[in-house]
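A.B. asks: Right, I'll just put the structure down here and ask away after.
The values are calculated or read from the model by the stated rules, or taken from the named source; none is laboratory data. Note that the structure is a prediction, hence the values are computed from the model and not measured. Neighbour counts are summed over all protein chains in view; Cβ atoms, including those assigned to glycine, are modelled from backbone coordinates with ideal geometry. Calculation scope for accessible area: heavy atoms of the full protein, side chains included, ligands and nucleic acids excluded. Shrake-Rupley method; radii C 1.70, N 1.55, O 1.52, S 1.80 Å.
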Amino acid sequence: MNLKRFLLSLSLLSLLAPLHASAQSITPAQIEQFKSLPQAQQEALARQYGVDLDSLGSSNGQNSAQDEAIRNPAPVVTPVSSGKDKQLKESEVETAGSSAENETKTTRLEPFGYDLFAGSPTTFAPVTAIPVPAEYSIGPGDEVRLQLWGKQNQQLSLTVSRDGTISLPDIGPEPVVGLTFAELKERIATLIDEHFIGVKASVSLGELRSMRVFVLGDARNPGAYTVSSLSTITNALFVSGGISKTGSLRSVQLKRNGRVISDLDLYNLLLKGDSSKDVRLQPGDVIFIPPVGQLVGIKGEVRRPALYELKNQQSLSDLLTLAGGFTADAYPKQAQLQRVDDSFNLILKDLDLSDQKDKKLNLKAGDILTVSSVSDQAEGFVSLVGEAVRPGRYAWRDGLRISDLINSLTFDTTRNADYSYALHIRDNKGQNRIAVTAFSPRKALEQKDPAHDLLLQSWDRVILLSETSAEKRQDAMKSIISQLQQQTGPNQWAPIVRIAGAVRFPGSYPMPEGGSLKELLDAAGGLKENALMLGGEVTRYTTTDKGTGETRLLTFTPSRVLEGGENLSLQGRDQVLIKSVPDFATTNSIALAGEVRYPGEYTFAPGDTLKDVILRAGGLTENAFPRGAVFTREKLRQLEAQRLQEAQDRLKGDLLGVQLQGNDFQGSNGERSQQLQELLKDVQDAKPVGRMVLDLAAVLNDDQYPSILLKSGDRLTVPEIPQAVTVFGEVQFPTSHLHTAGLTVDDYLERSGGPTRQADESRVYVVKADGSVMLPEKSAWFGGRSQQLQPGDTVIMPIDVDRLNQLELWTNVSQIVYQMALGAAAVGNL
């Protein structure tokens, strides 16, 4: 960063004066910047400058809403999120003792057909973009478009009046109300032929009349709606948002003058495409939706598992038809009916749906039918899962082994498969338990070791684990570990052990009783290179004779375990820890640059000092300037960056406070705000250095000087012997001057033209070449401002604080300036 430009920009702060304009002059950019601050800081600034946060947040709300509406127009249909239907997610049917309701809560069976109305309309405008059918009945308000051609060419737009007539030129009023569209075309063609010679007519309908109908009952949004005269029952249902899940789909009634004109069963429309009952509406019609009828559910291997509404008396065969029939995996011979009897007891009944007698069983409200899968009943197979090229089920035969299921490690397993550790799971269906055995695929296939080339039985599972992904490995273990935990009874330990530390795949693994520590190390993918081979620990939880818990610590030597010279039998809930070698494979380095005999990056051992490394690098050159050496450390740089960020945040808050007060009468505050923005940008561009002030000559030559212990990432830069003294700050000509022996601080200030009007001469300070700071006015031994300077020194003339009306703002800026001045003086003299 250009420090000269930055220090000059500090003079902009003197332009700040009390601001009294209103917050209405705040720009949107300033508002967004204000909103980016933490809430507590926003409130503090609002109190300080008398700004109403609510009015600030909504000042442009109306325009923003209008702009947003233009950019993102509202959709015609939006997803439904009715509060009533949210409650129905938990209880679809208000039926006392209904098992269908309980089933819905647990398995989320959804009522069939209601997703037809999954969208809620955002506009109730009549729908007119529909072809006019020939049987459409003409009524008052319809627009008749007439085109004449032949001897006369004319286009006419005729609206049916309230008395039911249209006025034809040269013919007069003609009654048309009640005519169908086909009859209207025929009637007008006849009139034209009778009154005109050589003229033909084409008749069409333009804008159609709209009418008001009522959608009542268990509608999602009951009320009165304006619809097109072409609308049918389903059109009105869509306009109103559809049917609530408490409403019936089997009996949607159209009432006209108190009489039921049509009873629409939406199941016929959804399942058969039958719209014969979907009649057209007339003004004043009422669409009434009664409450939902009796519900039954069906799940399992059917095409449309759901809750279905019964109509009249229906059987299991009817329910299967509604559900679309069986899937390809269905096993109709084994189905189960769940029912609540007259005594409100839950009963289960096994059914054979391949038997017509069982299929004729009549349904009751709340019945739940479950159709089993043929895969659940299958026998004579084994499963291969995980890192297999062709996972799936394979036919089982007597004598089948692992090597028969996996013929080749190269062609039958993926390249990520673990050849040292895999799992064999045996399901005991009668007891609902599993047994887990570990084996080595390599030993099973290449060595035909019977201990690993296991004999398989029907229903066995073989799981090949990933050698590269810890996530896949643990995912394969989750269900196994969960089932092992569930099948463990009281006073038993689940056969699960946990390993942590320097292993490739730490985590929990199934381990049979008496499993060895070597097997667990294989399960965890082996040891990492930083594993401590001299010692590991096993934490074992046991129960004493008195029934109290006890923890024991067992030790082992990992190197001997791997060699086979030591082994340890594990028990359930054991926790194994493989220790790590401290600071394994970590290298510490320091960078030497500048006037060093052999510059470069040097590694060092713990306890090495800066002097040790410099001597290894051949020492300093003849042109080295040790007094101006810059020694930086990453930890110090991070701390400086943190302090710098904190100061910047406070400066942003103060700056936004000035902006929130707006422009004054003369409009000068806007200019000052812009200047402060530029200042803030300069501050944000500042980079922390992380310099540690030291005397390099004393480090190398004085045995009494404290040794500088090195840390990785340290850097030492030794500059050449400088010849200049630099003057920065509030002087007329900030620049660098050739060092002249005998010149004092005042001499160099005079050579830079002297102080400006904004300068504070009492606070002049000097940044020495080694990074230390001297205050001439306060240092007795320094000799005051008559003290002579040395090459590489920097004189800084600060701005006069008393000239600033924002003292708190200056305090924040001064902290940042101090940090930047030290860093710039250090780097600038290299």
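A.B. asks: For segment 678-778, which fully contained strands (runs of 3 or more DSSP E) count at least 2 residues that are out of contact with any Cys (no Cβ under 7 Å at 6 or more places or on another chain) and more than 30 Å from GLU601 (Cβ to Cβ)?
C.D. replies: 724-729, 735-738, 765-767
A.B. asks: Further question on the same structure: Across segment 494-521, what is the number of residues that are open to solvent by 50 Å² or more (accessible area, probe 1.4 Å) and either under 20 Å from ILE425 (Cα atoms) or in contact (Cβ under 8 Å) with a residue 40 or more places away in the chain (or both)?
C.D. replies: 5
A.B. asks: Looking at segment 609-628, which of the residues that are at pLDDT 90 or above and of a type in the set (Gly, Ala, Ser) is most open to solvent (accessible area, probe 1.4 Å)?
C.D. replies: GLY618
A.B. asks: Among the residues of segment 356-370, is there at least one that is open to solvent by 60 Å² or more (accessible area, probe 1.4 Å), touching a residue at least 60 places away in the same chain (Cβ under 8 Å) and assigned to a loop (DSSP other than H, G, I, E, B)?
C.D. replies: yes
A.B. asks: Restricting the search to segment 541-557, which residues are open to solvent by less than 80 Å² (accessible area, probe 1.4 Å) and either more than 27 Å from PRO582 (Cα to Cα) or in a strand (DSSP E or B) (or both)?
C.D. replies: TYR541, THR542, THR544, GLY547, THR548, GLY549, LEU554, PHE556 - these are the residues of segment 541-557 that are open to solvent by less than 80 Å² (accessible area, probe 1.4 Å) and either more than 27 Å from PRO582 (Cα to Cα) or in a strand (DSSP E or B) (or both).
A.B. asks: Taking the stated definitions as given, is LYS200 in a loop (DSSP other than H, G, I, E, B) and open to solvent by 20 Å² or more (accessible area, probe 1.4 Å)?
C.D. replies: For LYS200, the condition - in a loop (DSSP other than H, G, I, E, B) and open to solvent by 20 Å² or more (accessible area, probe 1.4 Å) - is not met.
A.B. asks: Same structure again: Going through LEU464, LEU445 one at a time, which residue ends up being under 10 Å from LEU423 (Cα atoms), in contact with a helix residue (DSSP H, G or I) (Cβ under 8 Å, 6 or more places away or on another chain), modelled with pLDDT of 90 or more and not in a loop (DSSP other than H, G, I, E, B)?
C.D. replies: Just one listed residue meets the conditions, LEU464.
A.B. asks: Give me the pairs, please: first residue somewhere in segment 525-540 and part of a loop (DSSP other than H, G, I, E, B), second residue anywhere and crowded, with 18+ Cβ neighbours inside 10 Å, beta-carbon distance under 6 Å, and either six or more positions apart or on two chains.
C.D. replies: Correct list of pairs: GLY525/PHE505; LYS528/ALA502; ASN530/ALA502.
A.B. asks: Let me ask something else about it. Can you pull out every residue in segment 237-260 that is in contact with an Asp or Glu (Cβ under 8 Å, 6 or more places away or on another chain) and assigned to a helix (DSSP H, G or I)?
C.D. replies: Those that are in contact with an Asp or Glu (Cβ under 8 Å, 6 or more places away or on another chain) and assigned to a helix (DSSP H, G or I): none in segment 237-260.
A.B. asks: Also, quick follow-up: Within segment 326-336, is there a residue that is without any contact (Cβ under 8 Å) to a residue 24 or more places away in the chain, farther than 30 Å from VAL177 by Cα, open to solvent by 40 Å² or more (accessible area, probe 1.4 Å) and among the hydrophobic types (A, V, I, L, M, F, W, C)?
C.D. replies: So far as segment 326-336 goes, yes, one or more of its residues are without any contact (Cβ under 8 Å) to a residue 24 or more places away in the chain, farther than 30 Å from VAL177 by Cα, open to solvent by 40 Å² or more (accessible area, probe 1.4 Å) and among the hydrophobic types (A, V, I, L, M, F, W, C).
A.B. asks: Let me ask you something else. I'd like to verify a number: residues in segment 400-433 that are farther than 17 Å from GLU519 by Cβ and surrounded by fewer than 19 Cβ atoms within 10 Å (Cβ to Cβ), how many?
C.D. replies: Qualifying residue count for the region: 21.
A.B. asks: Taking segment 261-287 on its own, how many of its residues are closer than 18 Å to SER229 by Cα, open to solvent by 60 Å² or more (accessible area, probe 1.4 Å) and in a strand (DSSP E or B)?
C.D. replies: Of the residues in segment 261-287, 2 are closer than 18 Å to SER229 by Cα, open to solvent by 60 Å² or more (accessible area, probe 1.4 Å) and in a strand (DSSP E or B).
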